[in-house]
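Undergrad: I have a structure here, written as structure tokens, and I will follow up with some questions on it.
What follows draws every value from the coordinates through simple rules; no lab data is involved. The structure presented is a predicted model; accordingly, all values stated were derived computationally and were not measured. Counting neighbours? That spans all protein chains shown, and the Cβs are built from the backbone with ideal geometry, glycine included.
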């Protein structure tokens with residue numbers, strides 16, 4: 001074939017390809033999956049009346065049902081793709097978007113992955129069933145769980161889901177929320193259904209109390225041989241993260257992180273996406289900090305560029321912090337916590353037994369100061385730290401646990417300092433105390449992976465009921 005004939009053939013092929021895309025109604029490779037008028041191309045499962053068309057949107061309202069795509073695009077079988085959907089959750093609703101799934105007549109889809117839709121801590125359905133769903137919008141359900149929704153109820157937002165090879169990425173309003181790459185040997189559910197393969201899409205109608213709308217549903221199929229852009233975590237860490245997520249059915253959250261010494265909000269969120277963590281940024285206020293008055297704290301809050309998927313915690317310093325900061329100012333934070341690190345490091349140890357008695361009394365006082373959790377529990381100064389097991393006697397641990405229980409204060413398991421001990425956690429669990437994870441980092445280089453927290457949670461067999469979470 002001569003060169004001129006080859007050029008003509010290539011040009012004709014491009015014209016035909018463009019014509020085919022135009023006939024599909026596609027633009028830049030995007031193809032609409034919903035006509036805005038009917039359920040054409042979609043197959044509802046049980047309780048088919050739970051699906052309606054309202055103002056050009058698919059409306060989920062009624063008993064549990066799932067709406068599966070069964071149309072002609074890619075023969076409703078997608079491996080690598082970009083999916084874009086506009087979503088609105090009315091009131092305190094719960095729903096989801098599935099991919100790599102397949103039609104089933106009833107029940108929750110057993111194959112594929114789900115991106116969560118829920119913006120509130122409480123929903124009517126979950127309150128009635130004595131269960132609070134903590135995995136919020138942006139979560140790749142059960143794989144990378146996010147504890148705080150980046151969007152609000154009753155507002156339209158865009159979900160964009162991309163699968164390229166072994167990498168799944170989820171965006172909410174253009175903000176990257178999930179960046180997960182499946183390991184070569186994925187840690188699947190028992191039946192192997194939560195692994196990347198191929199399949200169709202589905203929308204979830206969760207319950208009669210949840211109303212969720214879906215519109216502008218479109219897909220851009222990608223080549224089957226597209227390369228994987230991300231890198232997986234090492235198998236052992238991925239296993240521990242998935243095991244923790246499945247055993248407690250909660251987001252893996254660190255409520256004690258400081259944006260300091262090179263750690264910016266963007267670096268923190270990149271770290272969060274890598275490991276699937278939810279972070280709470282801690283703001284220290286009180287004596288010895290740069291925020292010493294209520295006016296200082298209000299000025300800080302007014303100028304703080306808060307990332308919606310993060311929590312914000314007030315780290316209270318000093319004995320009179322509750323008198324220093326007004327209740328209305330404190331309510332702008334998601335939670336309040338304190339520790340005795342500053343006090344312990346500023347005190348001469350001298351007689352070790354007397355120091356320990358003073359330390360326990362100090363913790364008892366802090367526990368009664370209207371905080372949500374005690375950070376760095378059982379902290380000791382460097383000069384006596386090697387005698388931790390000897391100094392933290394059963395009697396002292398019992399006093400601390402009693403004070404925390406009486407004031408409904410949870411206790412932090414600290415990753416960087418690796419405290420408290422497993423013995424303390426087991427005692428506290430038996431008494432009914434609740435736990436959180438925290439790092440108390442000094443900068444970007446010691447943010448870590450919550451290794452100690454995950455190990456202790458497994459060793460002490462902590463379950464969902466054993467964890468404290470902010471009610472926001």
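Undergrad: Using the per-residue mean of other Cβ atoms lying within 10 Å as a proxy for protection, in what order, highest first, do the peptides 404-413, 92-101 fall?
TA: 92-101, 404-413
Undergrad: Taking 8 Å as the Cα distance limit and 6 or more residues as the minimum spacing, I'd like the relative contact order of the chain as a percentage.
TA: Once divided by the residue count of the chain, the mean separation gives 14 percent.
Undergrad: Let's test the formula: R0 of 45 Å, r as the Cβ-Cβ distance of residue 408 and residue 47. What FRET efficiency results, to the nearest 0.05?
TA: Efficiency, from the Cβ-Cβ distance: 0.65.
Undergrad: Here is a follow-up. Which FRET efficiency, nearest 0.05, do residue 442 and residue 153 yield, Cβ-Cβ r, R0 56 Å?
TA: So, using R0 = 56 Å, E works out to roughly 0.90.
Undergrad: Whole angstrom only: what separates the Cα centroid of the stretch 249-320 from the Cα centroid of the stretch 407-445?
TA: Cα centroid to Cα centroid, the span is 18 Å.
Undergrad: Oh, and also: Work out how much length residue 294 to residue 265 would gain on full extension: take 0.36 nm times their residue separation and subtract the Cα-Cα distance, in nm to one decimal.
TA: 8.0 nm
Undergrad: For a quick protection proxy, order the peptides 319-327, 64-72 by their average other-Cβ count within 10 Å, most packed first.
TA: Output ranking for 319-327, 64-72: 64-72, 319-327.
Undergrad: For the pair residue 361 and residue 461, how long in nm is the line joining their label points, each one 7 Å along Cα→Cβ?
TA: 3.9 nm
Undergrad: Classify the stretch 26-221 from the C-alpha gyration tensor, please: rounded if a/c falls under 1.5, else prolate or oblate depending on whether a/b exceeds b/c.
TA: rounded
Undergrad: For Cα pairs less than 8 Å apart in space and 6+ apart in sequence, what is the mean separation divided by the residue count of the stretch 26-221, i.e. the relative contact order in percent?
TA: For the stretch 26-221, the relative contact order is 35 percent.
Undergrad: For labels at residue 431 and residue 40 in the simple 7 Å Cα→Cβ model, what's the distance in nm?
TA: In this crude spin-label approximation the distance works out to 6.7 nm.
Undergrad: What's the angle, to the nearest 10 degrees (0 to 90), between helix 352-367's Cα axis and the longest principal axis of the chain?
TA: 50 degrees
Undergrad: How far is helix 3-23 tilted off the main Cα axis of the chain, in degrees rounded to 10, range 0 to 90?
TA: 70 degrees
Undergrad: Taking 2.2 N^0.38 Å as the expected size of a compact globular protein, what ratio does the Cα radius of gyration of the chain give against it, to two decimals?
TA: That works out to 1.13 for the chain.
Undergrad: For the chain, find the longest principal axis of its Cα atoms and tell me its angle to the long axis of helix 235-248, 0 to 90°, nearest 10.
TA: Tilt of helix 235-248: around 80 degrees.
Undergrad: Just need the relative contact order of the stretch 236-334 here, percent rounded to a whole number, with Cα pairs under 8 Å and 6+ apart.
TA: It comes to 26 percent, rounded to a whole number.
Undergrad: For the residues 133, 105, 353, what sequence is obtained by ranking on other C-beta atoms within 10 Å, fewest first?
TA: 105, 353, 133
Undergrad: Then there's this: Label-point separation (nm) for residue 349 and residue 234, each offset 7 Å from Cα along Cα-to-Cβ?
TA: Reported label-point gap for residue 349 and residue 234 is 3.3 nm.
Undergrad: Separate question: Mind jotting down the distance between the C-alpha centroids of the stretch 53-88 and the stretch 344-390, whole Å?
TA: Centre-to-centre (Cα) distance: 56 Å.
Undergrad: R0 = 25 Å: FRET efficiency of residue 398 with residue 327, Cβ-based, nearest 0.05?
TA: 0.20
Undergrad: Now for a separate question. For the stretch 235-466, count all C-alpha to C-alpha pairs, find those more than 32 Å apart, and express that count as a whole percent of the total.
TA: Value for the stretch 235-466: 18 percent of Cα pairs lie more than 32 Å apart.
Undergrad: Then there is this: Can you tell me the order of 424-436, 294-306, 109-121, 159-171 when each peptide is scored by its average per-residue count of other Cβ atoms within 10 angstrom, highest first?
TA: The packing order, highest mean first, is 109-121, 159-171, 424-436, 294-306.
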